[in-house]
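**Student:** One structure coming up, written as structure tokens, with questions to follow.
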Amino acid sequence: MMGNDLIPEISHEGFQVVSGELFKHMQRLSLPSATLWYSSISFSKASVLALNNCERVRIEVNPNTKCMLIVPVTIKDKDNIHCVKNVKDPQARKIECKAFTSQLFDTWGWKQDYVYRTTGRIVSVDKKVMLLFDFSEPESWPWKERVKAD
């Protein structure tokens, strides 16, 4: 252990406290989240795990509240969406769905060249577990398409 006489003394002048709010995204990794692009949607691995590794879901939207409900379903549900990459090791996947997301962007007045993300929470409807995502105040940022190297 170093003695206090070996530790250099510095001035604390000019330092500012960094708000804990700026690190909010760190917590996002462990929480269910949904991300919307103008042409696609994805759910985090935490979302898949929250729904007990459910392979298929149905998406329900409330256009007035900007909320999205993710309902676990079977392949028999006519509106089922395959939402995981690998059943043995479930990972979220980006789902191309421009017909849906572009309409949502237009309805909610969002910019086409932005990405929108929010965290979700587990809820119950008629004793069935679902995920609720409230997009009324989402995190957003300009979308930059990756440039492929030649």
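**Student:** Using only the alpha-carbon atoms of the chain as identical scatterers, what base-10 log of I(q)/I(0) does the Debye formula give at q = 0.10, 0.21 Å⁻¹?
**Tutor:** -0.45, -1.48
**Student:** May I pose another question? Ignoring ligands, DNA and RNA, what percent of the 1.4 Å accessible area of the chain is carbon and sulfur?
**Tutor:** Carbon with sulfur: 53 percent of the solvent-accessible area.
**Student:** So what is the 222 nm mean residue ellipticity for the chain from helices alone, if each DSSP H run of at least 4 adds -39500 (n - 2.57) and you divide by all residues, rounding to the nearest 500 deg cm²/dmol?
**Tutor:** After summing the helix terms and dividing by the residues of the chain, the value is -4000 deg cm²/dmol.
**Student:** OK, next. Roughly what angle does helix 98-108 make with the longest principal axis of the chain, taking Cα atoms, 0 to 90 degrees, to the nearest 10?
**Tutor:** The angle comes out at about 70 degrees.
**Student:** GNM on the chain, C-alpha springs below 10 Å: top fluctuator among Glu139, Glu13, Glu60?
**Tutor:** In this elastic network of the chain, the residue with the biggest mean-square fluctuation among Glu139, Glu13, Glu60 is Glu13.
**Student:** OK, next. Quick one: order His12, His82 from most to least accessible surface, probe 1.4 Å.
**Tutor:** His12, His82
**Student:** Just the accessible area per residue of the chain, please: how many Å² with a 1.4 Å probe?
**Tutor:** Per-residue accessible area for the chain comes out at 73 Å².
The values are calculated or read from the model by the stated rules, or taken from the named source; none is laboratory data. For clarity, every value in this text was computed on a predicted model and none was experimentally measured. When the accessible area is computed, the model is the full protein with side chains, heavy atoms only, and any ligands, DNA or RNA have been set aside. Shrake-Rupley method; radii C 1.70, N 1.55, O 1.52, S 1.80 Å.
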